[in-house]
1. With both bridge residues required to lie in the protein assembly as shown, what share of the DSSP beta bridges run antiparallel, to the nearest 5%?
2. Using r as the Cβ-Cβ distance of residue B:7 and residue B:36, and R0 as 30 Å, what FRET efficiency do you calculate, to the nearest 0.05?
3. Tell me, B:65, A:110 in order of fewest to most beta-carbon neighbours within 10 Å?
4. Divide by every residue of chain B the summed helix terms, -39500 (n - 2.57) for each DSSP H run of at least 4, and state the resulting mean residue ellipticity at 222 nm, rounded to the nearest 500 deg cm²/dmol.
5. Need the list of aspartates and glutamates near residue B:5 for cross-linking: C-alpha distance under 15 angstrom, and skip anything on the same chain fewer than eight residues off.
6. For chain B, what does the relative contact order come out to in percent, with C-alpha contacts under 8 Å and a separation of six or more?
7. What shape does the stretch A:4-112 have by the C-alpha gyration tensor, where a ≥ b ≥ c are the square roots of the eigenvalues, rounded means a/c under 1.5, and otherwise prolate means a/b greater than b/c and oblate the rest?
8. Mind checking which lysines have their C-alpha under 22 Å from residue A:86, skipping anything on the same chain fewer than 8 residues away?
Amino acid sequence: MSMKISSRSVDGVSILDCSGRITLGEGSITLRDSVRDLLSKGQKKILLNLGDVSYIDSSGIGELVSAFTTVRNQGGELKLLNLTKKVHDLLQITKLYTVFDVKDDETSAVKAFN
Amino acid sequence: MTKQKVSYSMDSTLATVDNAEQTANRFAAEAGFDEDEVMQISMAVREAAINAVLHGNAYDPGKKVNFDFEKTSSDLVITVRDQGNGLNVNHIPDPLAPENLMKTSGRGIFLMRSFMDEVEIHPSQTGTEIKLIKHVHGTTEGGKEASQ
């Protein structure tokens, strides 16, 4: 299953609803392009909804780190929403869970940007 | 003692990485591992395949990746061999070190070691062999946790 991303906006926050696999190749590139597209439009408050992401590999983890850093370097903020157990566990063992701002409720996540 | 072994060779492509993961998934499930363990084994194999295709063979169409999937009465053993220049095992950075935490790569071998009971890396001038071992339940006195 390939990666699919749809974008929507809530109270000035861009939410990327991701589904599928963030893995080496197409999945990672799709995520990268989506984040860059938002940044190019000046949208720097980005919430990545990973609720339907079934799988992520080391390249996908790297892409999340890259997205986080890229957004932050442009003065923006990127948060993660609705981690599945698999993704949660991966971020825990790689010690990235505390690096990312992880939320499990969309409404409070959107409010947290302000 | 029952023993199964499957060996094959594939091109240095992303399709090979996906294929290796799927084969590992099937092999581990058939070996009786539970859902979480199957995911861990298939991810470790995926990472080894990424290492071979991307870093070892560098997508070279003239180089192959060889896989052995073997189940013995005590272990599931997956061996991945590339035809690259040989991984320098003395220069594998710790991805958990503060200075490496925000790097976008370098977590593959760490994930293999996290998910398997044993990981052996054998580099040579003709390529790198990575052997991933997961103990079958009830046949050994302890796995990774017991040895720590």
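1. Rounded to the nearest five, the antiparallel share is 70 percent.
2. For residue B:7 and residue B:36, the calculated efficiency is 0.65.
3. Fewest to most other Cβ atoms nearby, the residues stand as A:110, B:65.
4. Estimated from H runs of four or more residues: -9500 deg cm²/dmol.
5. Straight-line reach from residue B:5, under 15 Å: B:30, B:68, B:70, B:75.
6. 26 percent
7. Rounded, since a/c falls under 1.5.
8. Once the sequence-local lysines are set aside, what remains near residue A:86 is A:4, A:95, A:103, B:103, B:134, B:144.
Every number here is computed from the coordinates shown, using simple stated rules; none is lab data. Only a predicted model underlies this, so the values are computations on that prediction, with no experimental measurement involved. All Cβ positions, even for glycine, are placed from backbone atoms using ideal geometry, and neighbour counts span all protein chains on display.
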